[in-house]
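Here is the structure we will look at.
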Amino acid sequence: MLLWRSALLLAGISLMGLLFQPFFGWSTTLLVIIAGLVGMLAYHLYNLHRLNRWLNDPTPQSIPETMGSWDAVYSKLYRMVRAQGKNQRMLSAALDRFVAAGEAMPEGVVVMDEEDRIEWCNPRSMQHLGLDRKKDLGQHIAYLVRQPAFQQYLLNQDYSQPVVLRHVAGNDFVLSLQLVPFDSTRKLLLTRDITQLERIQTVHRDFVANVSHELRTPLTVVGGFLETLLDMPELDAATREAQLKLMFEQTQRMQRLVEDLLTLSRLENGVEGREERVDTPALLQQLASDAEGLSQGRHTVSVMKETDLCVRGNYDELHSAFGNLVSNAVRYTPDGGHITLSWQLEHGYPVFSVTDTGLGVEAQHIPRLTERFYRVDRGRSRTTGGTGLGLAIVKHIAQRHQAKLEVKSEIGAGSCFAIVFPANRLLEMEDAILAK
Ligand code: ADP
């Protein structure tokens, strides 16, 4: 376009000069043509200069105003610059979105260059590895994560499995770090906090060890007696009977343990029990007579019923939880002691509690009583038929009813184990009748 316009202008100037020639002669004609050409050249040079100046800062706003043949050039440039600006804005918005996504990742991400120097890292990785974006960008990763296991992992170049590190940058986290090569030379370092997972694995391992240990003792006793019975068929009837009785006790102990384990596993699997009206005052009476049965006259048992209100819950689960507290009170209260079962409203919350005048528990043990197999006095727990799982079961059942287990105890004076239900589990008498 520019070329055509310039050629046309050149042809026009030459034609005009030739038209003047018959009137003004050759020298004037040539002068006019030269003047026209110089004008054209000056115009193009001036526009070239403006174009060059604009190219230093090529924004659509500062594009020079022109006329004639350069107008087409500038309007093309204007369209190109605008399209380029739009693309750039779209690209930078996409980049911002990717960065924001990386920042929001729940796991740590560190982008490393071909020399394993840090190019970018998200806040979670900074927290995990103690990185500082201002100081540490451009630093070699091995300089910042100094654990020998990581250095070895980096050198080995086999990144198919993560490496587990503890106490990185003085933190208490247990971290899983995995390198992921990308883009042929670069790497991503992914960091994950596996402290909780490790804790669960430890609890699981301890649990399996505890169960095996709990079962091994009665099994050894039964096995030993059976061996004696087999080896000594001439054993007198009284010894034989005594041994059979002991074996029976041990099998009962194993049975109780297996039953408690099954209850715990059912509760932990989260299978929801049927919710119904639980007539707590009636249950209280039944538990009191169970307590008397267990105590066999060694203790006095009383009931303190302050309300006739019922709760919404699963009858079997609540029966089992309350029953465990009652059985503990009987087992951990020396002969002559007193046990009180109460059902009352405390600040609007329904509370079931069992108070005894028994051995009591030292304050430091109280937070751990609901751990599986935690016992203050292992010997007493065993001789009274305990499995070490009772309070763990109570805690689970309380949680399933959004209730809390509260323990108050004084060594030598006695204990109070209370299950505090949320107020919305209370059923008024009318509701109770309707629910029947
Ligand atoms: P266990 O089968 O050993 O009784 P639990 O989980 O029911 O297991 O209780 C855990 C431990 O809490 C018991 O071993 C005992 O030391 C302590 N404990 C529970 N109830 C009482 C209580 N009423 N008085 C004193 N100690 C108790």
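The values are calculated or read from the model by the stated rules, or taken from the named source; none is laboratory data. Keep in mind it's a predicted model, so treat the numbers as computed, not measured. Please note: Cβ atoms are built from the backbone with ideal geometry, for glycine as well, and neighbour counts cover all protein chains shown. Only protein heavy atoms, including side chains, enter the accessible area calculation; ligands, DNA and RNA are left aside. Shrake-Rupley method; radii C 1.70, N 1.55, O 1.52, S 1.80 Å.
Brief remarks on what is shown
- Taking the accessible area of region 2-98, probe 1.4 Å, and keeping the other protein chains in place, the carbon and sulfur fraction comes to 71%.
- Annotation: amide H of L427 within the under-5 Å range of C310, V311, R312, sequence separation 5 or more or interchain, hydrogens built in the peptide plane.
- Prolate/oblate/rounded label for region 2-98 (Cα gyration tensor, a/c 1.5): prolate
- Interchain or long-range residues, amide H under 5 Å from I411's placed H: V361
- From phi via Karplus (6.51, -1.76, 1.60), per-residue ³J(HN,Hα) for region 67-80 in Hz, x at Gly/Pro: 10, x, 5, 6, 4, 5, 4, 5, 5, 5, 4, 4, 5, 5
- The simple Förster model, with R0 at 45 Å and r as the Cβ-Cβ distance, assigns Q178 and S265 a FRET efficiency of 0.85.
- Take 234-244, 206-216 and order them by the average number of nearby Cβ atoms within 10 Å per residue, most first; the result is 206-216, 234-244.
- Relative packing of 254-262, 312-320, which averages over residues the other C-beta atoms within 10 Å, highest first: 312-320, 254-262
- Within the accessible area of region 105-193 (1.4 Å probe), percent carbon and sulfur: 49
- Most to least packed among 127-139, 37-49 [average Cβ atoms within 10 Å]: 127-139, 37-49
- Taken over the chain, lysine pairs spaced eight or more positions apart, or on distinct chains, with alpha carbons under 30 Å apart number 11.
- In this structure the amide hydrogen of C121, modeled in the peptide plane, comes within under 5 Å of the amide hydrogens of V111, none closer than 5 places in sequence on its chain.
- For the Cα trace of region 276-432, dividing Rg by the Kirkwood Rh returns an Rg/Rh value of 0.95.
- Using the Karplus relation 6.51 cos²θ - 1.76 cosθ + 1.60 with θ = phi - 60°, the per-residue 3J(HN,Hα) values for region 411-420 come to 4, x, 9, x, 9, 9, 9, 10, 10, 9 Hz, with x marking Gly and Pro.
- Across all Cα atoms of the chain, the radius of gyration (one decimal) and Dmax (whole number) stand at 44.1, 160 Å.
- Percent carbon-and-sulfur accessible area, region 276-432, ignoring ligands, DNA and RNA, probe 1.4 Å: 50
- Counting only protein heavy atoms and a 1.4 Å probe, the chain has 61 square angstrom of accessible area per residue.
- Placing a label point 7 Å from the Cα of F98 along the Cα-to-Cβ direction, the residues of region 179-223 whose backbone N falls under 13 Å from that point are 183.
- Principal-axis tilt of helix 195-231 within the chain, Cα atoms, nearest 10 degrees: 30
- Table column - 3J(HN,Hα) (Hz), region 234-240, Karplus curve with 6.51, -1.76, 1.60, x for Gly and Pro: 7, 4, 5, 4, 5, 4, 4
- Each label point was placed 7 Å from the Cα along the Cα-to-Cβ direction; for T217 and T239 their separation is 2.6 nm.
- Helix 280-295 vs. the chain, principal-axis angle (Cα, 0 to 90°, nearest 10): 50
- Cα gyration tensor category, rounded, prolate or oblate, for region 90-139 with a/c compared to 1.5: oblate
- Overall form of region 105-193 per C-alpha gyration tensor (a/c, 1.5; a/b vs b/c): rounded
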